[in-house]
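Just so you know, all these numbers are worked out from the coordinates, no wet-lab data involved. Because the structure is a prediction, the values reported are computed rather than measured. Note: ideal-geometry Cβ built from the backbone for every residue, glycine included; neighbour counts use all protein chains shown.
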Ligand code: NAD
């Protein structure tokens, strides 16, 4: 099929590449000229395992094309995906202006019948509005259908998720849209859950809110574990063995970040508020997460009283491992507080440093490897559980000025750290003196 994808960010690029890989002819359009120029040279704009190889392969086969020209992208498209950003507005609601701009462009340019598919995460009711907007702006006598097809990929394993996801959710209100999306997605071999448009829109928000709830829940349990002498990792392991609960998202730490959970939880609270509903549980989840993000700084202050003039190493900057995405990363808040408290901050991340340099405080020093980052430091904080950190010989911490580690992701066994005489503080586990 001939498919256009609008927006080549994390979701649009992965969507375009995976649709090309299953045999469709895909044209991707973005307003960001530099991004498109780079993609056209065969270089991906995000760090995502396996993405570049698949992209280059499909470009070479002539099934994947990048452009800034809407006319070229939409020409003869039978299905058009909208995958532009829906960032957080000041009041917490999702800002749908980019989605609306994309819809207006589509309406003025299409000359053939199409199904417009919403991949972006949008508040319930948005697809109905987009349908109206399309109808009002059409320049030719064509049929346009709208379908909601929320995206569930996880950054860091997006390609894996595209080909082995648990389900594809399709919300539509007519047979043609369902049939088209079944045909598009058939080669993935993933079950398709068909529903109405509003329920599909809600599935996305409810799913993210539920996962965020699991994280805040286990973080609250971690706080109690610390006070009663239990070990949250063992508690989570034992809980997760119950199939009704499951292991994923029960890892205690310093809270969730990223481009989705923080904004989608707030957008759902706002959405509920718009219909006079106070979503108390989710408000609690967000509050717990906000408090979580500074927990390591508080512990550092408990240990040192003042960190003025101290050198603090920060290991891990991206909001989670296997991505260079710095959006809403906890490292932004932590490094800023450390600087405010007068510390000299040295950071290291295996892939996110280029992105981090444009975002973090300019007083921060960036080291080129873990050893360099640790040398001469008074304490180290681990913010992202990269394999590189988890698998390192913990001897590496002994070269610090004082080997004191505050681990926000429970990367090491406390017993091992104690044996190595490294002062070690982790999350929700008893400290071993
Ligand atoms: P992104 O910011 O990485 O990418 C958005 C892209 O859209 C940018 O390249 C931007 O230049 C482009 N764009 C904006 N307006 C445009 C227009 N009018 N025409 C063409 N291009 C335009 O965002 P993302 O992370 O890919 O997220 C996209 C949507 O998918 C959001 O609604 C997000 O909530 C949702 N989502 C994201 C993820 C994720 O892990 N990143 C997962 C699931 C769902």
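Using the count of nearby Cβ atoms within 10 Å as a rough guide to exposure, how do 225, 28, 347 rank from fewest to most?
225, 347, 28
Going 7 Å from the Cα of residue 275 along its beta-carbon direction, which residues of region 205-235 have the amide nitrogen within less than 17 Å of the resulting point?
The answer is 205-210, whose backbone nitrogens lie closer than 17 Å to the label point.
Order these by the 10 Å Cβ neighbour count, fewest first: 13, 211.
Listing 13, 211 from fewest to most nearby Cβ atoms yields 211, 13.
Classify region 248-401 from the C-alpha gyration tensor, please: rounded if a/c falls under 1.5, else prolate or oblate depending on whether a/b exceeds b/c.
Because a/c hits 1.5 or more and a/b exceeds b/c, region 248-401 counts as prolate.
Find the relative contact order for region 1-155 and round it to a whole percent, using C-alpha pairs within less than 8 Å whose residues are 6+ positions apart.
23
In degrees from 0 to 90, rounded to the nearest 10, what is the angle of the helix 175-185 Cα long axis to the longest principal axis of the chain?
So the inclination is approximately 50 degrees.
Along Cα→Cβ, 7 Å out, is where each label goes; now give me the distance between the ones at residue 97 and residue 37 in nm to one decimal.
2.5
Can you compute the helix-only [θ] at 222 nm over the chain? Use -39500 (n - 2.57) per DSSP H run of at least 4 residues, normalise by all residues, nearest 500 deg cm²/dmol.
That comes out to -13000 deg cm²/dmol.
At a threshold of 8 angstrom on Cα-Cα distance, excluding pairs fewer than six apart, so keeping six or more, what relative contact order does region 293-425 reach in percent?
Once normalised by length, the contact order is 25 percent.
According to the Kirkwood expression over distinct Cα-Cα pairs, how big is the hydrodynamic radius of region 128-271, in Å?
18.0
Against the longest principal axis of the chain, how steep is helix 295-304, in degrees 0 to 90 to the nearest 10, with axes from Cα atoms?
Approximately 20 degrees, to the nearest ten.
Could you list 228, 5 so that the one with the fewest beta carbons within 10 Å of its beta carbon is first and the one with the most is last? Before the final figure, lay out the partial values.
Working: 228 7, 5 30.
Lowest count first: 228, 5.
Is the shape of region 1-77 best called rounded, prolate or oblate, per the rule: a/c under 1.5 gives rounded, else a/b larger than b/c gives prolate, else oblate, with a ≥ b ≥ c the square roots of the Cα gyration tensor eigenvalues?
Since a/c reaches 1.5 but b/c is at least a/b, the shape of region 1-77 is classed as oblate.
How high is the FRET efficiency between residue 420 and residue 243 when r is their beta carbon distance and R₀ equals 22 Å, given to the nearest 0.05?
0.05
In percent, how large is the relative contact order of the chain, given Cα pairs closer than 8 Å and 6 or more residues apart? Working shown, then result.
Details: 876 pairs, mean separation 50.4, N = 433.
Contact order relative to length: 12 percent.
Over all distinct Cα pairs, what is the inverse of the mean 1/r for the chain, reported as the Kirkwood hydrodynamic radius in Å?
23.2
In terms of the Cα gyration tensor, with a ≥ b ≥ c the square roots of its eigenvalues, is region 203-291 rounded because a/c is under 1.5, prolate because a/b exceeds b/c, or oblate?
It is prolate, given that a/c is not under 1.5 and a/b is the larger ratio.
If the chain between residue 299 and residue 287 were fully stretched, how many nm would it gain, using 0.36 nm times the residue separation less the Cα-Cα distance?
On the way: separation 12, 0.36 × 12 = 4.32 nm, distance 1.90 nm.
Additional length available on full extension: 2.4 nm.
Taking 41 Å as R0, compute the FRET efficiency from the Cβ-Cβ separation of residue 196 and residue 228 and round it to 0.05.
0.30
How far, in degrees from 0 to 90, does helix 197-228 lean away from the longest principal axis of the Cα atoms of the chain, to the nearest 10?
Rounded to the nearest ten degrees, it is 10.
Starting from the 7 Å offset along Cα-to-Cβ, what nm value, one decimal, do you get for the label separation of residue 363 and residue 72?
Inter-label distance under the simple model: 4.7 nm.
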